Every structure is written in structure tokens, then in C-alpha cells.
Amino acid sequence: MCNLYSMTASVDAMRQLFGPFKGDRANLLAFPEIYPGQKAPVLHREESELTYSLMTWGFPGPQAAKGRPVTNVRNLTSPFWRSALNNPERRCLVPVTRFCEWSQAPDPATGRKVKHWFGTGEAKGGEDPLFAFAGIWRPGGEENYMAFLTCAPNRIVGEVHPKAMPVMLAPRDHDRWLEGGFEDVEALAQPYPDTDMIQIS
């Protein structure tokens, strides 16, 4: 389960990957380490226009879980997620430059688990390539909340974390994720190709 990622891309990189969006600005804050409960950049459709905003990572959980925030979506048929997944207006793109999976065993020298970072390529000009997680969001009074889908890991992630990895979207699938039916959600919830990503560290 991914509980740490980064989003350090520039405005130009976001425009190149996602196209124009509302909320555009000359500069965006860098988010070198995003943890659950923190605000993070999200792109969602608002009156048919792609819109940039900050949302809190983690849906308020069900009463059965004592309201503990839920950050990752694995069971697509769960009633807790089904209404959001069925509604294209509640789907979003979560911009990412790299994500972390922790080692299964602690480092013998420190006794702590080790961070392993993954992305879609080597940094160029000091900037990691930008990509997107398949996300969903919900309004919540004074703030909005987001989470993103996970799936079985591919080989490169599975060697570190054999249970799951985030659902990463190829650029050609952005519109399909934001506009398609539930059958598209199921089709896109697949491991990202090993050949299109790397382990950074």
C-alpha cells in the first residue's frame, strides 16, 4: 500500500502532460514528500474543464472503521467506493513524480524499513518525469478528499512490495479514466508495464 509519494513537477510539465487547466498559475508548490492526511495536488473536471486544486489525501472512513481515513482503493466492488467509481465526476488525476514502497524487512544496521522510490524515468534537468495515479475524490464541507486506486504489483514493484502498487495511468488513458464507464475503471486498474518505469532508489 502506497503511503508516500512526491509531486515536484513544474507548471510547464503539467501543461505538457495534462493540457490546459483552471487554477493554472506561474508557479506551483513542490511537494517532495506527501503523506496521508496532507493536502496534495489533484486535477478533476469542473463544468467540463480540467481544474487544479489541493485535496486532503484520505477519504473519511466508514463508521465500522471508526472513521479512520482510507487512502487506497483496492476493492472496486465495495459499496464504500462504488458510488464514486461509477460517477465520472468523482474521478480525478493525481499528479505524481515518484512514489515510495517500504521494504518488507528492516535494515539490519538501523532497524528501520527502507524507502524504495519508483517512477517512469530518469530525472532530466533536475526534474523527475510526471505521471498520474487513477484517483477519486469527494466533497467534504470545508475541504475535499481524495484517494487513489491500487492493484496487483508488476515485477519491478513486486520485488519490494509484493501485495499492491498504485494504479498508474498512461497519458492516452487520462480522458478514458475521467469520462468512461465502470467497465473502463475495471480495465484500467491494472499493473503498469515494467518496461515503462524504473526503481529510482
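The values are calculated or read from the model by the stated rules, or taken from the named source; none is laboratory data. Bear in mind the structure is a predicted one, so any value in this text is a computation, not a measurement. Note: ideal-geometry Cβ built from the backbone for every residue, glycine included; neighbour counts use all protein chains shown. To get the accessible areas, we keep the full protein, side chains included, count just its heavy atoms, and leave off ligands, DNA and RNA. Shrake-Rupley method; radii C 1.70, N 1.55, O 1.52, S 1.80 Å.
Along the stretch 45-59 the Karplus relation, 6.51 cos²θ - 1.76 cosθ + 1.60 evaluated at θ = phi - 60°, assigns HN-Hα couplings of 7, 10, 6, 6, 9, 5, 10, 8, 7, 9, 10, 7, 7, x, 6 Hz to successive residues, with x for each Gly and Pro. Using the Karplus relation 6.51 cos²θ - 1.76 cosθ + 1.60 with θ = phi - 60°, the per-residue 3J(HN,Hα) values for the stretch 30-36 come to 8, 10, x, 9, 10, 10, x Hz, with x marking Gly and Pro. Amide hydrogen proximity for Arg74: with H placed 1.01 Å from N in the peptide plane, the residues at 5 or more positions away or on another chain lying under 5 Å are Thr150.
Between Leu4 and Glu186, what FRET efficiency comes out of the Förster formula 1/(1 + (r/R0)^6) with R0 = 35 Å and r the beta carbon distance, rounded to 0.05? For R0 = 35 Å, the calculated efficiency reads 0.85. In order along the stretch 81-93, phi translates into HN-Hα couplings of 9, 4, 5, 5, 5, 6, 10, x, 5, 9, 9, 8, 9 Hz, rounded to whole numbers, per the Karplus curve 6.51 cos²θ - 1.76 cosθ + 1.60 with θ = phi - 60° and x for Gly and Pro. Compared with the direct C-alpha span, the chain from Thr77 to Thr195 gains 39.5 nm at full extension, assuming 0.36 nm per residue. Close amide H partners of Val114, meaning residues 5 or more places away or on another chain with modelled amide H under 5 Å apart, are Ser103, Asp107. Beyond 29 Å, the tail of the calculated P(r) for the chain holds 19 percent of the Cα pairs.
Of the accessible area of the chain, computed with a 1.4 Å probe over protein heavy atoms only, carbon and sulfur atoms account for 50 percent.
Across Ser78, Ser53, Ser103, mean-square fluctuation computed from a Gaussian network of the chain (C-alpha pairs under 10 Å connected) peaks at Ser78. Applying 1/(1 + (r/R0)^6) with R0 = 22 Å to the Cβ-Cβ distance of Thr110 and Arg68 gives a FRET efficiency near 0.20. Each residue, Lys39 and Gln16, gets one label point 7 Å from its Cα in the Cβ direction; the gap between the two is 2.8 nm. Among residues other than Arg98 with Cβ under 15 Å from its Cβ, the summed charge is -4 (Lys and Arg +1, Asp and Glu -1). At a probe radius of 1.4 angstrom, the accessible area of the chain per residue rounds to 50 square angstrom.
Per-residue ellipticity at 222 nm computed for the chain from its helices equals -4000 deg cm²/dmol, with DSSP H segments shorter than 4 residues left out and the rest contributing -39,500 (n - 2.57). For Asn144, the amide hydrogen comes within under 5 Å of the amide hydrogens of Thr56, counting only partners 5 or more places away or on other chains and with H modelled in the peptide plane.
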